[in-house]
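S.K.: Dropping a structure here in structure tokens format, bear with me for questions.
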Amino acid sequence: MSDVAQAHLQEQFEEPTQQREASTLGMWQFLATEVLFFGVLFAAYAVCRFRFPDGFSEAARHTHVVYGTIETAVLLVSSAGAALALRDVELGGRRLAALLLWGTALLGAVFLTLHGVEYTKEYHEGVIPGLRFTQAGPQAPAEALFYCLYFVITGFHSLHVMIGVGLMSVIGWRTLRGSYAPGYVTPLENAALYWHFVDIVWIFVYPMIYLVGRAG
């Protein structure tokens, strides 16, 4: 048992392993509720696309696939950084791990910035229902429905990214201070798990919003 693990052992647990298992179980339960939340949104999108294929295909052609592709690459690289940081701490590292975690947070901020630019373009293009929607024609209602789902799904995902950016920044600072060691990486492990979840959600969002719609 490392000194760091012993120092962080809470009184309700008998040993660090028990504490780690309980913490990991709690994180997986939390992620399960998040899966249900996004699952409902994805199911709503699938049903609406099945009912209004022409309108959804037309609306999807207004999405910015180049931005979506870059955002996907940014998240994949950031997720790799989180995994490497965890591995570095498990091997006894600290400074490199902190830099990797801050790099992950920075890439998350880049993702949010790109999304902001994308939203700005969509505002000027008039595809934001309730705020500025200028599309006309027989498919306009279906296009409005597509963009309602688009902004809800990507908006909530961006909120999760924002939370992750703050989380990774704090974890990076604590890592640099030596709060984690090979025998105690539970908070870092759970933070990385959360970030990987955010990444995986986007892997589903990207083809669903940017690619599948164009195939219609």
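S.K.: Quick check on the range 44-168: what are the equivalent-ellipsoid semi-axes from the Cα gyration tensor, as sqrt(5λ), descending, whole Å? Provide the component values of the computation, followed by the final result.
M.R.: Numbers: eigenvalues 271, 38, 23 Å².
Listed largest to smallest, the semi-axes of the range 44-168 are 37, 14, 11 Å.
S.K.: In Å, the Kirkwood hydrodynamic radius of the range 15-114 over pairs of distinct alpha carbons?
M.R.: In the range 15-114 this quantity evaluates to 17.0 Å.
S.K.: Here's another thing I want to ask about it. What's the longest piece of the chain with no exposed trypsin sites (Lys or Arg not before Pro), counting a site as exposed if DSSP puts it in a loop and it has at most 13 other beta carbons within 10 Å?
M.R.: That gives 62-176 as the longest site-free run.
S.K.: Rounded to the nearest whole Å², what accessible area per residue is found for the chain with the 1.4 Å probe?
M.R.: On the way: 10840 Å² over 216 residues.
Accessible area per residue: 50 Å².
S.K.: Something else about it: Given 0.36 nm per residue, what is the gain on full extension from Thr69 to Phe50 after removing their alpha carbon distance, in nm? Could the numbers behind the result be given before it?
M.R.: Details: separation 19, 0.36 × 19 = 6.84 nm, distance 2.45 nm.
Full extension from Thr69 to Phe50 adds 4.4 nm.
S.K.: Regarding the range 62-108, what is the average projected area of its C-alpha convex hull, in nm²?
M.R.: With the hull built on Cα positions only, its mean projection is 3.0 nm².
S.K.: From the convex hull of the Cα coordinates of the range 170-216, what is the mean projected area in square nanometres?
M.R.: So the mean shadow area of the Cα hull is 4.0 nm².
S.K.: Using the Cα centre of the chain as the reference point, and only Cβ charges (+1 on K/R, -1 on D/E), how large is the resulting charge dipole? Debye, rounded to the nearest 20.
M.R.: Numbers: 12 positive and 17 negative charges, 94 e Å.
Roughly 460 debye, rounded to the nearest 20.
S.K.: Right, another one. Taking the square root of 5 times each eigenvalue of the Cα gyration tensor, what semi-axes in Å does the equivalent ellipsoid of the chain have, largest first?
M.R.: The three semi-axes for the chain are 40, 18, 12 Å.
S.K.: Projecting each Cα onto the charge dipole of the chain (Lys/Arg +1, Asp/Glu -1 at the beta carbon, about the Cα centre), which of Ala140, Leu76, Phe42 comes out farthest on the positive side?
M.R.: Ranked along the dipole, the leading option is Ala140.
S.K.: Enter the angle in degrees (range 0 to 90, nearest 10) between the Cα long axis of helix 16-51 and the first principal axis of the Cα atoms of the chain, meaning the one along which they spread out most.
M.R.: 0
S.K.: Remind me, relative contact order of the chain in percent, using alpha carbon pairs under 8 angstrom and six or more residues apart?
M.R.: 35
S.K.: For the chain, modelled as a GNM with alpha-carbon contacts under 10 angstrom, which of Pro138, Pro182, Pro129 fluctuates the most?
M.R.: Pro138
S.K.: A further question follows. Where does helix 65-90 land angle-wise versus the long Cα axis of the chain, in degrees 0 to 90, nearest 10?
M.R.: So the helix axis and the longest Cα principal axis differ by about 10 degrees.
S.K.: Let me ask something else about it. Enter the per residue convex hull volume of the range 111-216, computed from alpha-carbon coordinates, in Å³ rounded to the nearest integer.
M.R.: Working: hull volume 11.1 nm³, N = 106.
Per-residue hull volume (Cα only) is 105 Å³.
The values are calculated or read from the model by the stated rules, or taken from the named source; none is laboratory data. Because the structure is predicted, anything quoted here is derived from the model rather than measured. Counting neighbours? That spans all protein chains shown, and the Cβs are built from the backbone with ideal geometry, glycine included. Please note that ligands, DNA and RNA were not included when accessible areas were found on the heavy atoms of the full protein model with its side chains. Shrake-Rupley method; radii C 1.70, N 1.55, O 1.52, S 1.80 Å.
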